[in-house]
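The values are calculated or read from the model by the stated rules, or taken from the named source; none is laboratory data. Being a predicted model, the structure only gives us computed values, none of them experimental. Neighbour counts are summed over all protein chains in view; Cβ atoms, including those assigned to glycine, are modelled from backbone coordinates with ideal geometry. Only protein heavy atoms, including side chains, enter the accessible area calculation; ligands, DNA and RNA are left aside. Shrake-Rupley method; radii C 1.70, N 1.55, O 1.52, S 1.80 Å.
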Amino acid sequence: MWDNYPEIKTELAAFEEYLAEKLSSHNDFLQTACRNAVLSGGKRLRPAFTIITAMSGNYRREVVFPAAAAIEVLHTATLIHDDIIDCAKTRRGQLTVAEKHGINLAVYTGDYLLAKALRLLVETRMKPERLDMLAKAVSMLCEGEIDQYPGKYEIASVHNYLKRIMRKTGILFSAACLLGAKAGELDEDSIRLYGRFGLSFGTAFQIKDDLLDMESSERVEGKPVINDLKEGIVTLPVIYAVRNNPELRDEIREFFDGKGDVRQILNRVASAGGPRDSQALKQKYVEKCRKYLSQLPDNIATRALREVAERL
């Protein structure tokens, strides 16, 4: 992904070594479980955004690496807890902590990683007010996840869907960019634009993920597919399909009641233009990413982030 940016590749390789070192523990189980969860793969986009954004300013590894590690460790903690709630068996192509070791140990592992993220933030030695946005991001992320549950088996509006995914996914990408911009000591206008880029990117990223849930395979994605609809979570393609073809609403409700076939529902969603309209909305958020980056100085950070946004 970063082949055109050797400076970024060098930093990300060094960061990977740093991250592995920071996952040591006096408890053998926690060290193994945390290392397996954090180092098992994944795109590393969130910490990469922290590092890349900081590279547009006063870049110092001793500040940026613990900030980026805090973002990745925090993200992994939320995934462990999500997998418990969703009863997920696999994550990134391997057994989840809960599936492998049971719910109790998975809860403790997630909690331990949350504490580890806090300790990493302290290592940045940034002023508390500069770190407050990460605490706000975690609060908003939890609110987004909680809002999802009362809304299960309900077909929300596009507006409410966007509101939920911005808190569920967009906010952590935004926090990653904000943290990098603040670690790089950028001016307030640049910090604000990078934060808005992260929120738009995260929104487009989640829409893409919801499309993959319908279209891809477990072998490719490393996690169960068509899982959202089976769990009663109505994502954007279904919302658009119902808006385009109101008759689908009753079919989906019957499916939630245990009738009908999920593949047949998905074919109907596709026929009603759900994926097509979702792609169009995703593209609007990619355009927002371009707009925010165009207002920032042309440098390695904005060029790399623009390229990543285009990949969506």
Task: Charge-dipole axis of the chain as Lys and Arg at +1 and Asp and Glu at -1 on Cβ define it, positive-most pick from P297, G202, A106 - done: P297
Task: Accessible area per residue, Å², segment 235-275 with all protein chains present, probe 1.4 Å - done: 53
Open item on the list: Can you report the principal axis dimensions of segment 52-114 using only the alpha carbons, biggest first, rounded to whole angstrom?
Closed with: 44, 22, 15
TODO: Could you let me know the centre-to-centre spacing of segment 104-163 and segment 12-50, using Cα atoms, in angstrom?
DONE: 19
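Return one whole number: the accessible area per residue of segment 125-219 in Å², for a 1.4 Å probe.
Details: 4330 Å² over 95 residues.
Accessible area per residue: 46 Å².
If the chain between S25 and L95 were fully stretched, how many nm would it gain, using 0.36 nm times the residue separation less the Cα-Cα distance?
On the way: separation 70, 0.36 × 70 = 25.20 nm, distance 2.16 nm.
Here the answer is 23.0 nm.
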Open item on the list: If each residue of separation counts as 0.36 nm, what is the full-extension length gain between Q264 and R61 once their alpha-carbon separation is subtracted?
Closed with: 67.9 nm
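Give me the dipole magnitude in Debye, nearest 20, for the chain about the Cα centre, with unit charges on the beta carbon: positive for Lys and Arg, negative for Asp and Glu.
Details: 45 positive and 44 negative charges, 81 e Å.
With only Lys, Arg, Asp and Glu charged at Cβ, the dipole is about 400 debye.
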- [ ] Compute log10 of I(q)/I(0) for segment 1-42 with the Debye formula, placing one identical point scatterer on every Cα and leaving out solvent, at q = 0.18, 0.19, 0.21, 0.27 Å⁻¹, to two decimals.
- [x] -0.58, -0.62, -0.69, -0.90
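Quick one: compute the contact order of segment 95-169, relative version, from alpha carbon pairs under 8 angstrom and 6+ residues apart, as a percent.
On the way: 26 pairs, mean separation 19.4, N = 75.
The normalised contact order for segment 95-169 reaches 26 percent.
Over all directions, the average projected area of the alpha-carbon convex hull for segment 65-162 comes to how many nm²?
Details: hull surface 31.3 nm².
Answer in nm², one decimal: 7.8.
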TODO: Could you run the Debye sum over the Cα atoms of the chain, one equal point scatterer each and no solvent, and tell me log10 of I(q)/I(0) at q = 0.15 Å⁻¹, two decimals?
DONE: -1.24
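Rounded, prolate or oblate: which fits segment 244-310, taking a ≥ b ≥ c as square roots of the Cα gyration tensor eigenvalues, rounded meaning a/c under 1.5, else prolate when a/b beats b/c? Don't skip to the end; give the middle numbers.
Working: a/c = 4.56, a/b = 3.57, b/c = 1.28.
Judged from the Cα gyration tensor, segment 244-310 comes out prolate (a/c at least 1.5, a/b above b/c).
Using Cα pairs under 8 angstrom and six or more residues apart, how large is the relative contact order of the chain, in percent? Display every interim value, and only then the final one.
Working: 423 pairs, mean separation 61.6, N = 312.
Relative contact order here is 20 percent.
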Task: GNM top mover of S56, S24, S278 - the chain, alpha-carbon springs below 10 Å - done: S24
Task: Nonlocal amide H pairs with R91, under 5 Å, H built at 1.01 Å - done: T96
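Arrange the residues R268, R167, R196, R311 by how much accessible surface each exposes, largest first, with a 1.4 angstrom probe. Don't jump to the answer; show the numbers that get you there.
Working: R268 75, R167 45, R196 110, R311 135 Å².
Order by accessible area, largest first: R311, R196, R268, R167.
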TODO: Extending each Cα 7 Å along its Cβ direction at E16 and H159, get the distance between those two points in nm, one decimal.
DONE: 4.5
Task: D (Stokes-Einstein, µm²/s), Kirkwood Cα radius, segment 122-175, 1.567 mPa s at 4 °C - done: 106
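Over the chain, with every protein chain in place, what whole percent of the accessible area is carbon and sulfur at 1.4 Å, could you tell me? Let's see the in-between values first.
Details: 7330 of 14750 Å².
C and S atoms contribute 50 percent here.
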Task: Against the rule of thumb 2.2 N^0.38 Å, how large the Cα Rg of segment 1-122 comes out - done: 1.08
Task: Heavy atoms of L95 accessible to a 1.4 Å probe, total area in Å² rounded to 10 - done: 90
Open item on the list: Taking 2.2 N^0.38 Å as the expected size of a compact globular protein, what ratio does the Cα radius of gyration of segment 17-86 give against it, to two decimals?
Closed with: 1.20
- [ ] Calculate, axis by axis, the spread of Cα positions in segment 172-295 along the three principal axes, and write the results as whole Å, longest axis first.
- [x] 56, 29, 22
Open item on the list: Explain nothing, just compute: Karplus ³J(HN,Hα) = 6.51 cos²θ - 1.76 cosθ + 1.60, θ = phi - 60°, for every residue of segment 171-182 in order, whole Hz, x for Gly and Pro.
Closed with: 5, 6, 5, 4, 4, 4, 5, 4, 5, x, 5, 6
- [ ] Pop out the ³J(HN,Hα) list for segment 15-27 in order, Karplus 6.51 cos²θ - 1.76 cosθ + 1.60 with θ = phi - 60°, rounded to Hz; leave Gly and Pro as x.
- [x] 5, 4, 5, 4, 4, 4, 5, 6, 9, 7, 8, 6, 9
Open item on the list: Just to check I understand the Karplus step: with θ = phi - 60° and J = 6.51 cos²θ - 1.76 cosθ + 1.60, what whole-Hz values come out for segment 137-146, glycine and proline as x?
Closed with: 4, 5, 4, 5, 4, 5, 4, x, 5, 5
